[in-house]
Structure formats: structure tokens, C-alpha cells
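The values are calculated or read from the model by the stated rules, or taken from the named source; none is laboratory data. Just so it is clear, the model here is predicted, and its values are computed rather than measured. Because the Cβ atoms are built from the backbone with ideal geometry, glycine has one as well, and the counts that use them run over all protein chains shown.
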Amino acid sequence: MSRVGLGGRGESVWLGFFIDYILEQFLPVCRRFGDEGRFARYSEYRGRLRVALNDAGWDGQWYRRAYFDDGTPLGTAAADECRIDAIVQAWAVLSGAAPPDRAAAAVAEADRRLVDEKGGIIRLLDPPFDVMPQDPGYIKGYIPGVRENGGQYTHGVLWLCGPWRNWDRGRGPASAENVISRESWKHAGSRCDLSGRALRRRGRRLRQSAGMSGGQVGPGIRARRGGCSRVALESILGFISRRGRDCESILASPQPGPSAVSATACLMAEQCTTFTSKTRAGSSSA
């Protein structure tokens with residue numbers, strides 16, 4: 001969305017939720033160093049930010065993505081294109097700024113509108129950009145249904161896996177498996193025209209090439225695999241790191257659903273770790 005708010009008057013709703021999350025992590029740092037003035041200022045700003053996000057940011061069933069400079073909302077049910085966006089729904093929940101009822105509604109709508117089980121992808125947004133008069137940026141240059149523009153943008157939709165676990169336990173692991181299914185992971189070479197151990201970055205939605213990759217193996221793959229490994233361990237298997245070494249389960253109860261989901265997560269975590277170790281050993285810089 002490189003041209004949304006280009007004139008300096010537009011607003012990003014998802015970045016608002018991200019800022020809220022950052023402030024939550026930073027406030028204890030202010031207090032630890034005795035900076036009470038900054039702590040009070042950031043706390044007050046965070047309170048106002050949450051009110052704005054849940055006022056202008058809420059569309060009735062899910063959260064809007066942004067506002068253009070002229071005040072036109074992006075990610076609204078009234079639009080013909082980009083009615084719903086995955087990233088803002090994910091961060092509304094991850095930040096903790098969304099009230100429980102809205103968090104549950106946003107996750108449910110993202111699941112209903114963005115998961116394409118037949119194509120084996122989770123769309124970044126829907127419907128794709130095509131002929132709308134506003135210019136959201138380079139994303140509109142892609143054919144509708146390709147890459148970010150209505151296809152799967154893997155590192156973006158991975159963020160949805162945590163909210164799925166928290167708000168829809170029966171559905172979460174199954175939805176996560178759409179992003180990183182065992183078969184597409186195992187046979188990535190034949191399906192995505194990439195090396196067999198590569199995580200596809202962007203999935204297409206065009207009928208003749210549904211699920212095929214639009215990404216390439218490059219420097220960013222280590223970051224994607226790091227995020228994918230966390231999804232496998234935390235959002236599917238339910239483990240979190242303690243003191244940087246030990247892991248403990250955070251699931252209140254065992255996840256329902258087929259055991260293949262857990263098998264997929266274990267395979268992901270193993271291959272992510274193996275790939276990252278090999279690339280670190282074979283390169284002189286990060």
C-alpha cells in the first residue's frame with residue numbers, strides 16, 4: 001500500500017495496532033529506567049490511540065485497513081475492491097487492542113472470506129485491486145489474484161495463525177495448515193518451481209495456477225522461515241520460549257483436529273531450523 005496517504009493526510013489502521021503493540025512492550029522499559037515522564041506520555045497516547053482504532057478503524061464486522069488522503073476508507077464492506085485485509089485483523093488481535101467480541105468477529109470474517117481451501121491458500125485481501133479510482137500503490141500493478149493482490153502473501157498471512165489459535169481453537173490449526181500444508185511443503189519443488197525445501201512466499205489465485213508460487217528464493221527466506229518456525233511452535237503446537245532456552249506449552253487444552261496438523265508443524269520446525277543453520281554456516285554476513 002505504498003501510495004495510501006502519500007499526501008500526508010491518510011491513516012494506516014493496521015500500523016496503529018502495531019504501534020499499540022510496540023508501546024505495550026516499551027512501557028515497562030521506560031519504568032525500568034525511571035523515565036516516568038515518558039511512561040505517562042506514552043500511556044496517555046496509547047489510550048487515545050486505542051479509542052481511535054476502535055472508532056474510525058472498525059467497519060462493523062471487521063477492521064478497516066487504512067484511509068486514503070481524501071478520507072476514503074480501505075478495507076470496508078461498502079467497497080468493490082479490498083473489502084477485507086488479513087494483516088489488520090491479525091494485529092487487532094495480536095496487539096490486544098480489539099475488544100474480545102470484535103476480535104472474535106474479525107478473526108471469523110478473515111477465516112470465512114480469505115481462506116481458499118480449494119486453492120490451498122490464504123489471501124492477503126479480497127477482492128483484489130483492479131479498477132478502483134484510488135491508487136493504493138504498486139500492489140495494484142499485479143494482475144488480480146496474483147501475489148499480494150488477492151493471492152497469498154505468506155509472511156503476512158502467517159500473522160493470522162496466532163489469532164486463530166486464540167479465538168477459534170477448532171478451526172485454527174486447520175487454517176494454519178492451508179498456509180503451510182504438509183503436501184505443499186513436502187512437494188514444493190514440483191508445485192512451486194522452487195527448491196524442495198523452500199517456503200513459498202506468494203501464492204497465486206488464478207484458476208489455471210492456483211497455489212503456485214510467485215516468489216523466489218532469496219535473502220528474505222531466512223526471515224520467512226523464522227516466522228514460519230514460530231508459527232509451527234507457538235501458534236500450532238502451543239509452545240513459548242522461557243529464558244531464551246526452555247519451552248513450555250501455553251495451550252489450555254490439547255488442540256482438536258487431525259494429528260496431521262501436528263505432524264506438519266513438527267516437519268516445519270525441523271526443516272526451518274535445518275535450513276537456517278545451513279545458510280548461516282555458508283554465509284559470511286547475516
**Report entry** Members of the stretch 134-155 found to be surrounded by fewer than 19 Cβ atoms within 10 Å (Cβ to Cβ) and closer than 16 Å to residue 113 by Cβ, listed by number
**Finding:** 144
Query raised in the report: Which ones in the stretch 105-121 are aliphatic (A, V, I, L, M) and in contact (Cβ under 8 Å) with a residue 60 or more places away in the chain?
Result: 107, 108, 115, 121
Query raised in the report: What are the residues in the stretch 106-140 that are at pLDDT below 90 and either in a loop (DSSP other than H, G, I, E, B) or more than 15 Å from the chain's Cα centre (by Cα) (or both), if any?
Result: 116, 117, 118, 119, 120
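Would you please name the residue that is farthest from residue 161 (Cα to Cα), looking only at residues in the stretch 105-126 that are hydrophobic (A, V, I, L, M, F, W, C) and surrounded by fewer than 21 Cβ atoms within 10 Å (Cβ to Cβ)?
First, pick out the residues of the stretch 105-126 that are hydrophobic (A, V, I, L, M, F, W, C): 105-108, 110, 114-115, 121-122, 124-125.
From what is left, the residues that are surrounded by fewer than 21 Cβ atoms within 10 Å (Cβ to Cβ) are 105, 108.
Numbers: 105: 15, 108: 12 Å.
Filtering the stretch 105-126 for residues that are hydrophobic (A, V, I, L, M, F, W, C) and surrounded by fewer than 21 Cβ atoms within 10 Å (Cβ to Cβ), the one farthest from residue 161 (Cα to Cα) comes out as 105.
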Requested in this report: Only residues that are touching a residue at least 60 places away in the same chain (Cβ under 8 Å) and either part of a loop (DSSP other than H, G, I, E, B) or within 30 Å of residue 141 (Cα to Cα) (or both): list them for the stretch 17-41, please.
Outcome: 17, 18
Report task. Taking the residues in the stretch 3-41 that are farther than 20 Å from residue 105 by Cα and among the β-branched types (Val, Ile, Thr) as candidates, determine which candidate is surrounded by the most Cβ atoms within 10 Å (Cβ to Cβ). Result -> 4
Requested in this report: Return a yes/no flag: does the stretch 46-68 have any residue that is of a type outside the set (Ser, Thr, Tyr), assigned to a strand (DSSP E or B), at pLDDT 95 or above and within 30 Å of residue 143 (Cα to Cα).
Outcome: yes
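Within the stretch 86-101, which residues are part of a helix (DSSP H, G or I) and in contact (Cβ under 8 Å) with a residue 40 or more places away in the chain? Steps first, please.
To start, the set of residues in the stretch 86-101 that are part of a helix (DSSP H, G or I) comprises 86-94, 100-101.
Of everything in the stretch 86-101, those that are part of a helix (DSSP H, G or I) and in contact (Cβ under 8 Å) with a residue 40 or more places away in the chain turn out to be 86, 87, 88, 89, 90, 91, 92, 93, 94.
For the stretch 148-164, which residues satisfy the criterion of being hydroxyl-bearing (Ser, Thr, Tyr) and either within 12 Å of residue 85 (Cα to Cα) or touching a Leu at 6+ places or on another chain (Cβ under 6 Å) (or both)?
153
Pull up the stretch 110-139, narrow it to residues that are of a type in the set (D, E, K, R) and in contact with an Asp or Glu (Cβ under 8 Å, 6 or more places away or on another chain), then point me to the one that is farthest from residue 93 (Cα to Cα).
First, pick out the residues of the stretch 110-139 that are of a type in the set (D, E, K, R): 111-113, 116-118, 123, 126, 130, 135.
Then keep just the ones that are in contact with an Asp or Glu (Cβ under 8 Å, 6 or more places away or on another chain); that gives 111, 113, 123, 130.
Details: 111: 14, 113: 17, 123: 18, 130: 29 Å.
Here the answer is 130.
For (1) closer than 22 Å to residue 133 by Cβ; (2) free of Cβ contacts under 8 Å to residues at least 12 places away in the same chain; (3) crowded, with 24+ Cβ neighbours inside 10 Å; (4) among the acidic types (Asp, Glu), each residue gets a yes or a no:
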{"position": "43", "(1), (2), (3), (4)": "no, no, no, no"}
{"position": "68", "(1), (2), (3), (4)": "yes, no, no, no"}
{"position": "84", "(1), (2), (3), (4)": "yes, no, yes, no"}
{"position": "103", "(1), (2), (3), (4)": "no, no, no, no"}
